[in-house]
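S.K.: Just passing along the structure, written as structure tokens.
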Amino acid sequence: MELTTIISIAVPVLLLIFYKFTFRVLLGIVIVPEDRIGLVTKKFVLFGDKRELPDGRIIALEGEAGFQAQTLAPGIYFWKWIWQYEITMQALTVIPEGKIGLFVAKDGNELPTGHILARKIECDAFQSAQMFLKNGGCKGRQAAFITAGTYRINAFLFDVIIVDMTIIQENMVGIVTTLDGQPIEEGSIAGKQIGGHNNFQDVGSFLNSGGNKGLQPQVILAGSYYLNPWFVQVEQIKMTEIPIGHVGVVISYVGNEGTDLSGSEFKHGNIVSKGEKGVWAEPFGPGKYPVNTFIMRVELVPTTNLVLNWASARSESHQLDKNLSTITVRSKDGFPFNLDVSQIIHIPTTEAPKVIARFGNMNNLVSQVLEPTIGNYFRNSAQDSDVIAFLGTRKERQESAKMHIGRVLEQYNVNGVDTLIGDIVPPESLMKTLTDRKLAEEQNVTFETQKKAEQTRQTLEKETAIADMQKEIVKSDQGVWIAQRVADAAVKKAEGEASSVKIQATAEAERLKVIAGAEAEKTKLIANADAAKIKALANAEAEKITVEGNAEAEKILAIGKSNAESYKLSVSAMGGDNFTKLKVTEVIGNQGVKIIPDVLISGSGDGTNGAISGLLGMQLLDDVLAKKAKEVQDKKQE
């Protein structure tokens, strides 16, 4: 190790040893650095000094043995012999920004009964223990505190506790409850209003002014505050917001008993001035307000038209009608049916405090006045009419309801703007009847409309046809005129032609007469020639027929003679009876003659019975023959 290094280490050590044993022991010199204070403990006392501390004290004020109230600030001190004094170097107390220092005194007077904090004592911000004790400082938690900075605090007397400042956020309100002070007066829920304490930051001023412990009427707004948490507790709540279209009626539970401003006619509560106990006559307008909701209440009252729906499936955004439902009524003829109703009301700003004083809030106004009034009106109205009539007089009933409900609401400082009847739901069976009737009526109207349309169509087609025929009519008229002219011309022409024809006819007649004479003569000659020819032909045909007849007769005669000769020979060979039977048999076979009748008619019996039986048999035979003949005829037809 180098010599310089050894020297650099040894010199401070030697100096310290020299200081301890030379300056401190021989001369009693104490040096307190700039960032320290010296806490002095006296081990014993010399002659002439007080030897013992008073009872209950731990800090010496007059040189007694023990912890000394006097501290040593940075610097050089003499005659602090090491055998009599012990000097403790203590760092300075630093309170950072945004913090405060709270104090607990270990020595001092006893706290008065009922106090939880020692009152503020002038003691140079707790840097002078002598002043604190001499001025009557009490032991325990102190009401005073120190803010950001550097302090020389005697740790033998005080314990320092560093805590955060109190910060109230934007749009929030600090509700303050003090933990020390006078008791709240009987019958009050909060302490009395105290000024001069700088938002509860000056605890001494508040307490010295007679401030009460407990809930305070004053609030603190957004910001940072030096508040002693042993003295106040702060609860942050949102500011009270009054939306546009509303006013806030204030109901205060604290304050002096004020004079009623509502007048003798209003007997439902006191309307008082601002700051007094009761309902304030002047409501808050739209905006944000730092209201202490622990001691007062703000009821929102809409000042625009407010719609309330008696309908199960519909509710407005204000939710005042969320418990209202469709009204069920019973008609005169015993049918129950449902109807939806909407009521529009308006509460003037000047009347809002009276409404709240009477009902407490808007929900009570709806449940205690509007709901029974409107429900009972329509139930009573429905009982005076049957369902069909109620449906038919809806407009009149709506107007009547508006007038009646408006008069009722005026008694409660509310304006009834309008009453509207919504859906009416009659019984399904009755509704079907009405629907069928309406359909029939509509069909009838449709038929009438179609009939008129058809008539119109026919008229249109007729007019169209006439219009279309007009051209033909004009054409026909022109044709008639032309035909007339043509006919006239033809007549003239015909007359000329007639004259010509007449002349020609006369000439032709003469010609034909001559021709007819010649023709007649010719025809006569031809006829005579034809007659002669026919006569000759007839004579020839007659001659032919005569010759053919004679030849046929001779043929038949020859056949007859041959047959006769054959019969004669057969008779000679067979005998006459046998030949006859043979021929009869051939005829029967060839002609299909029946030998045995289909029905045998017997006329047995004597007298009348036999005759009747025979007649019946003959009748039966005729029927059988007729049937047989019919069958033969049918077969032929087939």
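The values are calculated or read from the model by the stated rules, or taken from the named source; none is laboratory data. The structure presented is a predicted model; accordingly, all values stated were derived computationally and were not measured. All Cβ positions, glycine included, derive from the backbone under ideal geometry; neighbour counts span all protein chains shown.
S.K.: Within the range 242-257, restricting attention to residues that are closer than 19 Å to GLY191 by Cβ and of a type outside the set (D, E, K, R), which residue is surrounded by the fewest Cβ atoms within 10 Å (Cβ to Cβ)?
M.R.: Among residues in the range 242-257 that are closer than 19 Å to GLY191 by Cβ and of a type outside the set (D, E, K, R), the one surrounded by the fewest Cβ atoms within 10 Å (Cβ to Cβ) is ASN256.
S.K.: While we're here: For the range 231-241, which residues satisfy the criterion of being under 27 Å from ALA148 (Cβ atoms), of a type outside the set (Asp, Glu) and surrounded by fewer than 21 Cβ atoms within 10 Å (Cβ to Cβ)?
M.R.: GLN233, VAL234, GLN236
S.K.: Which is assigned to a loop (DSSP other than H, G, I, E, B) and either under 60 Å from the mean Cα position of the chain (by Cα) or at pLDDT below 95 (or both), of ILE100, ILE121?
M.R.: ILE121
S.K.: Are there any pairs with C-beta distances below 9 angstrom linking a residue in the range 45-71 that is hydroxyl-bearing (Ser, Thr, Tyr) to a residue that is modelled with pLDDT under 80, with the two at least 6 apart or on different chains, and if so which?
M.R.: That search, which allows pairs on different chains as well, returns nothing.
S.K.: What are the pairs, 6+ residues apart or on separate chains, where a residue within the range 251-273 that is aromatic (Phe, Trp, Tyr) has its Cβ under 7 Å from a residue that is surrounded by 10 or more Cβ atoms within 10 Å (Cβ to Cβ)?
M.R.: Correct list of pairs: TYR253/ILE189; TYR253/LYS277; TYR253/ILE295; TYR253/MET296; PHE266/LYS354.
So that you can scan it fast, the table gives a plain yes or no per residue for (1) of a type outside the set (S, T, N, Q); (2) in contact (Cβ under 8 Å) with a residue 24 or more places away in the chain; (3) touching a His at 6+ places or on another chain (Cβ under 6 Å):
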| position | (1), (2), (3) |
| --- | --- |
| PHE206 | yes, yes, yes |
| ASN212 | no, yes, no |
| ALA222 | yes, yes, no |
| ASN228 | no, yes, no |
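S.K.: I'm trying to understand the selection: among the residues of the range 409-455, which are assigned to a helix (DSSP H, G or I) and closer than 30 Å to ILE374 by Cβ?
M.R.: LEU409, GLU410, GLU428, SER429, LEU430, MET431, LYS432, THR433, LEU434, THR435, LYS438
S.K.: For the range 74-85, which residues satisfy the criterion of being surrounded by 14 or more Cβ atoms within 10 Å (Cβ to Cβ) and either under 28 Å from ILE162 (Cβ atoms) or acidic (Asp, Glu) (or both)?
M.R.: PRO74, the sole residue that qualifies.
S.K.: Please tell me if VAL387 is in contact with a Ser or Thr (Cβ under 6 Å, 6 or more places away or on another chain) and either assigned by TED's automatic domain parsing to the domain that holds ASN309 or among the charged types (D, E, K, R) (or both).
M.R.: yes
S.K.: Another question, then. Select, from GLN201, GLN193, the only residue that is part of a loop (DSSP other than H, G, I, E, B), farther than 29 Å from LEU61 by Cα, in contact with a Pro (Cβ under 7 Å, 6 or more places away or on another chain) and not aliphatic (A, V, I, L, M).
M.R.: GLN193
S.K.: If I go through the range 288-341 residue by residue, how many of them are more than 18 Å from GLU371 (Cα to Cα), part of a loop (DSSP other than H, G, I, E, B) and in contact with a Pro (Cβ under 8 Å, 6 or more places away or on another chain)?
M.R.: Counting residues in the range 288-341 that are more than 18 Å from GLU371 (Cα to Cα), part of a loop (DSSP other than H, G, I, E, B) and in contact with a Pro (Cβ under 8 Å, 6 or more places away or on another chain) gives 4.
S.K.: In this structure, does VAL40 turn out to be within 30 Å of THR150 (Cβ to Cβ) and at pLDDT 90 or above?
M.R.: For VAL40, the condition - within 30 Å of THR150 (Cβ to Cβ) and at pLDDT 90 or above - is met.
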